[in-house]
């Protein structure tokens, strides 16, 4: 069984490959689909994260097969910087392996400043790593109500700003978009320290938002300043009056490049 895998369905829109080092998460997001899909006890899933069985040993085996390969995302079914990682350091061990075997890494987290603990090794990847925050609400009240274990939105933005100041590529995943107005507020707050964006609709959302209006505002905000973005399939299906460029509909448009020989020489110096 491979610990590095190719995501399927909607998950594939995030990355060609992915890895989950932990089982469980402590963000307690009420909209999280993972416990249902993986048939896990929600109470256990929400209150602890455990190392998957021999995950680093499995990863050591896998990175040899994927050496110099495509981008790997951390993570879908957990957060790479959950509080338990502070002790186990699995994410750092994984990053060391990905760097050694020249595998690009995309990180997605709601942990806020906790992710800065690996800044030193993250810097070594150069253009082959990016750090993303999943953003939902723009205020403390809603965030604590819906995702009570996650870092507050202000801290997530500060995390992105800090990585940006350290020369690391940053991105935001606006999925699921819970409140379009709050999404636009966060978008405008983050423009000067975020390099790229992804937008997706909440699965099964029956609310009557004017998605044409909001997607048009996204386009009008990002295109003039040449900020790359991707509109996910779930959101594209909800709009019929917005003409999107091909790259704005291409799920691999924002994927990091593979390492080249000259990158390997640079890292060896």
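So what's the gap between the Cα centers of region 129-171 and region 1-44, to the nearest angstrom? Comparing the Cα centres of region 129-171 and region 1-44, I get a distance of 19 Å.
Can you compute the FRET efficiency between residue 86 and residue 221 using 1/(1 + (r/R0)^6), with r the Cβ-Cβ distance and R0 = 41 Å? Round to the nearest 0.05.
Details: r = 36 Å, r/R0 = 0.88.
Once the sixth-power term is evaluated, E becomes 0.70.
Protection proxy ranking of 237-250, 167-180, by the mean of other Cβ atoms within 10 Å over each peptide's residues and highest first, is 167-180, 237-250.
Tally the DSSP beta bridges in the chain and give the antiparallel ones as a percent, rounded to 5. Present the calculation step by step, with values, prior to reporting the outcome.
Numbers: 5 of 28 bridges.
About 20 percent, rounded to the nearest 5.
Tell me the label only: which of [x] 60, 39, 35; [y] 59, 48, 40; [z] 49, 45, 32 is Cα extents along the principal axes in Å as calculated from this structure? Calculated Cα extents along the principal axes in Å: the matching label is [z].
Which of the three applies to region 204-252, rounded, prolate or oblate, going by the alpha-carbon gyration tensor with a ≥ b ≥ c and a/c under 1.5 meaning rounded?
Details: a/c = 2.21, a/b = 1.44, b/c = 1.54.
Oblate, because a/c is 1.5 or more while a/b does not exceed b/c.
For the pair residue 100 and residue 60, label points projected 7 Å from Cα toward Cβ lie 0.7 nm apart.
Where only DSSP H runs of four or more residues are counted, the chain gives -9500 deg cm²/dmol as its mean residue ellipticity at 222 nm, each run worth -39500 (n - 2.57). Highest mobility in the GNM of the chain, judged by mean-square fluctuation with C-alpha springs under 10 Å and restricted to 36, 207, 92, is found for 207.
No lab work stands behind these numbers, since they all come straight from the coordinates. This is a predicted model, so every value here is computed, not measured. Reconstructed Cβ throughout: ideal geometry from the backbone, glycine too, with neighbour counts over all protein chains shown.
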